[in-house]
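> Please read through the structure below; I'll follow up with questions.
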Amino acid sequence: MTKLFATTALLAAMTLPAYAVQPAEGETLAENQTYNFWLLDAIKSLDPAKNTDVEGSDVLRSLFEGLMNEDAAGAMIPGIASSFEESDDKLTYTFHLRDAKWSNGDPVTAADFVYAWQRVVNPDTASEYAWFIELMNVVNATEIVKGEAAPEDLGVKAIDDKTLEVTLTTPTPYFIKTLSHATTYPVPQKVIEEHGDAWTQPGNLVGNGAFVLTGHNLGVDITMEKNPQYWDAENVVMQTVKGITVNDNNVALTRYQAGELDRVDIPAGQYPRLSQEAPDEAISIPYACSYAYVYNVSDKGPEALKDVRVREALSLALNREILVNNVLQGGQRPSTTWTHWAIEGFEQPETELATLSQEEKTTRAKELLTEAGYGPDNPISLTLQYNTDENHKKLAIAAQQFWKPLGVNITLNNVEWKVHTDRMQNQDFDIARYAWCADYNEASTFLDWFRTDGYNSGKWSNAEYDQLMADSKTAEDTGPLYKRAEEILAEEVPAVFVYHYSTVDMISPEIKGLPTENVLNTWYAKDLYRLAD
Amino acid sequence: MVIQQDKMQSLAARMAQDEVKGRSPWADARKRFFRNKAAMTGLIILIAVALFALLGGYFAQWSNEDLDFAVMGQVATMGAPSLENGHYFGTDDLGRDLFARTVQGTQISLMVGIVGAAIAVIVGTLYGATAGYVGGRTDQIMMRAVDILMSIPYMFVLILLLVMFGRSIAMLFLGIGLISWLDMSRIVRGQTLSLKNREFIEAARATGVPSWKIILRHIVPNLLGVVAVYATLLVPLMILTESFISFLGLGVQEPLTSWGALISEGAGTMNYGTLWQLAFPLFFFVITLFGFFFVGDGLRDALDPKDR
Amino acid sequence: MFAYIMRRLAVAVPTLLLLIVFSFILMHLAPGGPFTQERELPPQVLANLNAKYGLDDPLWKQIINYIWGIVAHFDFGPSFVYPDRSVNELIAAGFPVTLTYGSLAFVAAVAMGVGLGVVAAIWHNSFLDYLAVGISIGAQVLPNFVMAPILVLIFTLWYGLLPGGGWSFNDPSFWIMPVIALGTSYMASIARITRSAMLEVLGSNHIRTARAKGMPEHRVILRHALKPAMLPVISYLGPVFVSMITGSVVIDIYFSTGGIGKAFVDSALNRDYAVMMGVTILVGALTILFNLIVDVLYAWIDPKIRY
């Protein structure tokens, strides 16, 4: 017995044709429909199973299409799946695929998804994103990744060419939200078997997205042209999409101003100036990432940080307003919670941190430190580790200055990313800067991090917190649970929550269709069009 | 950028020759050096920069790490060089005093340059003198080793070292110093070979002075001119290397800084109305390199005049 | 001569071996591996990755396998960070780019540097001389990571003359800024060396003799002065070549040219062992080769030198 899953988003999905941004009345399209976007670095891989970074995902969304897409506000809308059903026990999903084609003319079938998902979890593929299928709680995913079960046992089946059935180990409220992620995209078995690792090169690559890969100069640019075989090709206006690598953000901005790029990040501190000079180009929209200084509270961590009063004092004394308004200056928000404020359905708890003024907070911080037996007469020496980056550096320098009057002497330690990660994972640090970006638009993507068996590099542990997070997986109403979890974080202070990200970009006024309300910042080149100037 | 090896060889040959003739090349050289306008200008510049590094801190109104909250966040309008608020050179993006930071960066850069050059010169001289003096198979092996080391792309190795051992001043000194002793060792060896059979060395050997003492007492002093010139010309190369390393983000740790770090930060923001962030450090960087080049060239010309 | 070249090439083998072993060990001692990432990998996946790339063998065996792969199959292995590509492919894509703008910068630097140096020497102590010396010292001390963004600002933003970055083998407008940014400081050094060598030669006896015989000045310079004055310039070319490859790091970062300079820095930071080794070996081999060419050239111009 199955029933229709009837949230508003899905209702819209069932009744309306697929969403595509279309030019409004009175807008004149440019003859040259191209979109040039900025890439900070070379694209590591165009294989959906092997891609690990955000920029790679941006490109993959044009080349492939998954079961679901996101609309401009981040709500799930049908992609290759035209509809789906959910079983009563919430463990089985049945997807009905639309008639879609690969760019070589072959039909996209349920078997393509089965192959793709099995390939991701297959240890032979050695995908660094195999954990994503585990996160989706697909039956046997964990066992297969560990090598205890065969890839064929994965809980995903092709009932027929157009029907895909997925079985989960446990009800997963966010399951549908994971289906627009690049890791879940179908891949063409025939092509992969023919070309091996080289299947992602221009000329070889076959996708089912709105664009086909026509050129890829590693570290220079990547070019995609409109795919006539795409099922919704008649609604795709953009003809050419080009990602251009510029390793230096400041040079990238110069090239944007010279008209070579249509979208670029704004370097820290430049948003106020640019939003005055070009108010219709500079944007700042919430982006679901959260920045923190994580304390090492494990056995290998410093003694002082095991005292919650010290942890809280540092958190209180950090003047986030200044960091956000005077250093970053891009519309980011000071954070008092780990979960990003704009996450759907998340309600921030009232905490001391959120309500006191900075002066009161600094006074309170001094009291707490005195209680704990520290202060300028008995200073604490700690190391703050951050990975090489201009912004991390600036924030760390400022943090050092905020903590100095408390009698906390911070040594800054700038290390490269690999060393940073390695040390964090081995609890070889005192305080480390860290940021987490949402995998899907729900608070658990953040909160799971602090579970005892979560990534949790500082090894903080709290039984009630773990229980809350376990309960939230099956709860009807997760809101109060997440709120309570944040309250525990506020009491126990396993980390200093610093700020919540914003996307701070310059976007050419000629380019329309880029979403400005999606906190995950997911965009689809098929929705874009360029106006005549 | 490189030191002209042929000229160094010519200089070394001359210094060795003078010893035999029994008159010091230094007195004449001093006269010639003081007559050389470019070299004197260079010397004055260097003295000024050194004083700036040593004493600049006393004039700074701010420390090199304090944030000026009045300026922070509006650096382009409030952070310009000003006598009123004590930021003589303006502030950096965080509102830190650029004067204090330039003073401190000057100290680091000069230190890296001088210590790096010193390491290179000491290692190169001792290695070359030993190889040349001992001779035979040892010499062959030692010089073949230099041949091999010469074909190693050093900047790559330096990057690897910094990646591996983390950023630290000590590593910078060592890495930068170890890059450049090879040429030095070749020149020193060549001159040692020609000195080795001179009477005064033979005499020393005959009276039973141990080899290491002969090298240190009799051979090295005869090469002092080469060493001095070489060191002067190496310092700017070391400073340039350091600036490149800082550009890659592998330089000294904050809140310490160096010319390279300041210049690369300033270059990033030069189009945002904060040109002073580039101008001041770059000015000191450029005049210092000029100074060292002029003094080095001047010293060499003074010690090895072509118009003899 | 031939025997000398052979002997030099024979030294190249142990040099490269040393370089391989040294870099290999250094790289593997560094904290963090190619698969160190934010979300720790499940042990089975990590084991599979390690097995796939042969990282589960003892270090000595890895080195031997690696060297054997190069010797037997000219195979530098797969890239760890770019799983779709092999090191051979990455180098084949990046090296021609570096070589193109590098050799153009080299030729431009030599041509202009020698020209400037000769002019300065002939009109010694004139306005031209001072101008040439001023330009060359100024260009020498301006770091190319300052020059590069200035060029983009001027040529791309203000005047819109050139693309601000990127690369195409078919369109020379992409080459100009990399060549200027890379070549300028070398041009300056070459000008300085040429000038001083030229001055020395012009002051020598055989030039005086030639002039005394009434030979026209341009013939004196072209026939008798230029050739000996080139010797120090030539010995400088070896180091120039090496530092140009290093300088390509800056070029690749600012102009997104996709050359091997950036590839090397990235590979060191990302622990992409195979790419790092591949580029190091390539650059090491080129250094050896270029030093050899310079020595041969030197001997050819100056027959007094015997090997």
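> Take segment B:210-225 and flag every residue that is in a helix (DSSP H, G or I) and either within 14 Å of B:Val188 (Cβ to Cβ) or in contact with a helix residue (DSSP H, G or I) (Cβ under 6 Å, 6 or more places away or on another chain) (or both).
B:Ile214, B:Ile215, B:Leu216, B:His218, B:Ile219, B:Val220, B:Pro221, B:Asn222, B:Leu224, B:Gly225
Each row is one residue, and each column tells you yes or no for (1) in contact with a Pro (Cβ under 9 Å, 6 or more places away or on another chain); (2) modelled with pLDDT of 80 or more.
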position	(1), (2)
C:Ala197	yes, yes
C:Val201	yes, yes
C:Ser204	yes, no
C:Glu217	no, no
C:Ile221	no, no
C:Val233	no, yes
C:Thr246	yes, no
C:Ile251	yes, yes
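> Residue by residue through segment A:296-311, note down the ones that are assigned to a helix (DSSP H, G or I), surrounded by 23 or more Cβ atoms within 10 Å (Cβ to Cβ) and not aliphatic (A, V, I, L, M).
Of everything in segment A:296-311, just one residue is assigned to a helix (DSSP H, G or I), surrounded by 23 or more Cβ atoms within 10 Å (Cβ to Cβ) and not aliphatic (A, V, I, L, M), namely A:Arg311.
> Would you point out which residue out of A:Val108, A:Val187 is buried (at least 16 other Cβ atoms within 10 Å of the Cβ), within 23 Å of the chain's Cα centre (by Cα) and of a type outside the set (Lys, Arg)?
Exactly one residue qualifies, and that residue is A:Val187.
> Given the criteria over 26 Å from A:Glu321 (Cβ atoms), within 14 Å of another protein chain (Cβ to nearest Cβ) and among the charged types (D, E, K, R), does B:Arg137 qualify?
Details: over 26 Å from A:Glu321 (Cβ atoms): yes; within 14 Å of another protein chain (Cβ to nearest Cβ): no; among the charged types (D, E, K, R): yes.
Here the answer is no, as B:Arg137 does not meet what is asked.
> Only one residue in C:Val97, C:Val119, C:Val71, C:Val107 is assigned to a helix (DSSP H, G or I) and in contact with a helix residue (DSSP H, G or I) (Cβ under 7 Å, 6 or more places away or on another chain). Which one?
Details: C:Val97 fails: in contact with a helix residue (DSSP H, G or I) (Cβ under 7 Å, 6 or more places away or on another chain); C:Val71 fails: in contact with a helix residue (DSSP H, G or I) (Cβ under 7 Å, 6 or more places away or on another chain); C:Val107 fails: in contact with a helix residue (DSSP H, G or I) (Cβ under 7 Å, 6 or more places away or on another chain).
None of the other options fit; the residue is C:Val119.
> Could you check how many residues of segment B:252-261 are in contact with a Ser or Thr (Cβ under 6 Å, 6 or more places away or on another chain) and more than 8 Å from chain C (Cβ to nearest Cβ)?
The initial filter retains those residues of segment B:252-261 that are in contact with a Ser or Thr (Cβ under 6 Å, 6 or more places away or on another chain), namely B:252, B:258-261.
From the residues that got through so far, the ones that are more than 8 Å from chain C (Cβ to nearest Cβ) too are B:252, B:258-259, B:261.
The number of residues fulfilling the criteria is 4.
> Another question about this same structure. Output yes when any residue across segment A:226-235 is crowded, with 19+ Cβ neighbours inside 10 Å and of a type in the set (A, V, I, L, M), and no when none is.
no
> Would you list the strands (runs of 3 or more DSSP E) that sit entirely within segment A:14-128 and hold 3 or more residues that are away from chain C (no Cβ under 14 Å)? Even if it seems obvious, please write down each step before you answer.
Values: elements: A:34-39, A:68-70, A:76-78, A:81-87, A:92-97.
Where strands (runs of 3 or more DSSP E) fall fully within segment A:14-128 and carry at least 3 residues being away from chain C (no Cβ under 14 Å), they are A:68-70, A:76-78, A:81-87, A:92-97.
> Quick one: A:Val419 ticks every box in (1) of a type in the set (Val, Ile, Thr); (2) touching a Leu at 6+ places or on another chain (Cβ under 9 Å); (3) within 11 Å of another protein chain (Cβ to nearest Cβ) except a single one, so which number is it?
Checking A:Val419 against (1) of a type in the set (Val, Ile, Thr); (2) touching a Leu at 6+ places or on another chain (Cβ under 9 Å); (3) within 11 Å of another protein chain (Cβ to nearest Cβ), the one that fails is (2).
> Tell me, which helices (runs of 4 or more DSSP H) lie completely within segment A:368-453 with 2 or more residues that are at pLDDT 90 or above and surrounded by fewer than 21 Cβ atoms within 10 Å (Cβ to Cβ)?
A:390-403
> Just one of A:Arg263, A:Arg320 is at pLDDT 90 or above, in contact with an Asp or Glu (Cβ under 8 Å, 6 or more places away or on another chain) and charged (D, E, K, R); which is it?
A:Arg263 is the lone residue from the list that is at pLDDT 90 or above, in contact with an Asp or Glu (Cβ under 8 Å, 6 or more places away or on another chain) and charged (D, E, K, R).
> Looking only at segment C:232-249, decide whether some residue is crowded, with 24+ Cβ neighbours inside 10 Å and within 14 Å of chain A (Cβ to nearest Cβ).
Taking every residue of segment C:232-249 in turn, at least one turns out to be crowded, with 24+ Cβ neighbours inside 10 Å and within 14 Å of chain A (Cβ to nearest Cβ).
> Among what's in segment A:196-222 and is under 19 Å from A:Met238 (Cα atoms) and surrounded by fewer than 19 Cβ atoms within 10 Å (Cβ to Cβ), pick the residue that is nearest to the other protein chains (Cβ to nearest Cβ).
A:Gly215
> Applying the selection to segment C:14-23, what residues are more than 7 Å from every other protein chain (Cβ to nearest Cβ) and crowded, with 20+ Cβ neighbours inside 10 Å?
C:Leu16
> Identify the single condition in (1) free of Cβ contacts under 8 Å to residues at least 24 places away in the same chain; (2) within 25 Å of C:Ile260 (Cβ to Cβ); (3) in contact with a Leu (Cβ under 9 Å, 6 or more places away or on another chain); (4) within 14 Å of chain A (Cβ to nearest Cβ) that C:Ile176 does not satisfy, given that it satisfies every other one.
(4)
> Still on this structure, I have one more. Regarding C:Asp266, is this residue within 14 Å of chain A (Cβ to nearest Cβ) and surrounded by fewer than 23 Cβ atoms within 10 Å (Cβ to Cβ)? Don't jump to the end; show me each part of the working.
On the way: within 14 Å of chain A (Cβ to nearest Cβ): yes; surrounded by fewer than 23 Cβ atoms within 10 Å (Cβ to Cβ): yes.
Criteria met by C:Asp266.
> Moving to a separate point now. Assess whether B:Leu83 counts as being away from every other protein chain (no Cβ under 12 Å), of a type in the set (A, V, I, L, M), surrounded by fewer than 19 Cβ atoms within 10 Å (Cβ to Cβ) and outside any helix (DSSP H, G or I). Talk me through it step by step, then tell me what you get.
Working: away from every other protein chain (no Cβ under 12 Å): yes; of a type in the set (A, V, I, L, M): yes; surrounded by fewer than 19 Cβ atoms within 10 Å (Cβ to Cβ): yes; outside any helix (DSSP H, G or I): yes.
When the stated conditions are applied, B:Leu83 passes them.
> Conditions first: (1) surrounded by 19 or more Cβ atoms within 10 Å (Cβ to Cβ); (2) at pLDDT 90 or above. C:Val118 passes all but one, so which condition is the exception?
C:Val118 satisfies every listed condition except (2).
> What do you reckon, is B:Ser264 out of contact with any strand residue (DSSP E or B) (no Cβ under 8 Å at 6 or more places or on another chain), facing chain C (nearest Cβ under 9 Å) and not aromatic (Phe, Trp, Tyr)?
Values: out of contact with any strand residue (DSSP E or B) (no Cβ under 8 Å at 6 or more places or on another chain): yes; facing chain C (nearest Cβ under 9 Å): yes; not aromatic (Phe, Trp, Tyr): yes.
In short, yes.
> If you don't mind, there's one more thing I want to ask. Counting only residues that are crowded, with 23+ Cβ neighbours inside 10 Å and not hydrophobic (A, V, I, L, M, F, W, C), how many does segment A:271-290 have?
1
> Can you find, within segment C:54-87, the residue that is farthest from the other protein chains (Cβ to nearest Cβ) among those that are under 30 Å from A:Asp453 (Cβ atoms) and crowded, with 21+ Cβ neighbours inside 10 Å?
That would be C:Phe80.
> For segment B:294-307, check the following and say yes or no: at least one residue is in contact with an Asp or Glu (Cβ under 9 Å, 6 or more places away or on another chain), surrounded by fewer than 21 Cβ atoms within 10 Å (Cβ to Cβ) and either more than 10 Å from every other protein chain (Cβ to nearest Cβ) or modelled with pLDDT under 85 (or both).
yes
> Among B:Leu234, B:Leu289, which is in a helix (DSSP H, G or I), touching a helix residue (DSSP H, G or I) at 6+ places or on another chain (Cβ under 9 Å) and facing chain C (nearest Cβ under 10 Å)?
B:Leu289
Yes/no per residue for (1) touching a Gly at 6+ places or on another chain (Cβ under 6 Å); (2) of a type in the set (Val, Ile, Thr); (3) without any contact (Cβ under 8 Å) to a residue 12 or more places away in the chain:
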position	(1), (2), (3)
A:Glu194	no, no, yes
A:Asn208	no, no, no
A:Ile222	yes, yes, no
A:Trp231	no, no, no
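> Next up: Based on what the data block shows, is C:Leu26 over 24 Å from A:Glu134 (Cβ atoms) and either within 14 Å of chain A (Cβ to nearest Cβ) or modelled with pLDDT under 80 (or both)?
Yes: the conditions hold for C:Leu26.
> Here is a list of conditions, (1) in contact (Cβ under 8 Å) with a residue 24 or more places away in the chain; (2) away from chain A (no Cβ under 14 Å); (3) over 23 Å from B:Thr232 (Cβ atoms); (4) surrounded by fewer than 14 Cβ atoms within 10 Å (Cβ to Cβ), and B:Ser63 meets all of them except one; can you say which number that is?
All conditions are met except number (2).
The values are calculated or read from the model by the stated rules, or taken from the named source; none is laboratory data. Just so it is clear, the model here is predicted, and its values are computed rather than measured. Every residue, glycine as well, gets a Cβ built from its backbone with ideal geometry; the counts of neighbours run over all protein chains shown.
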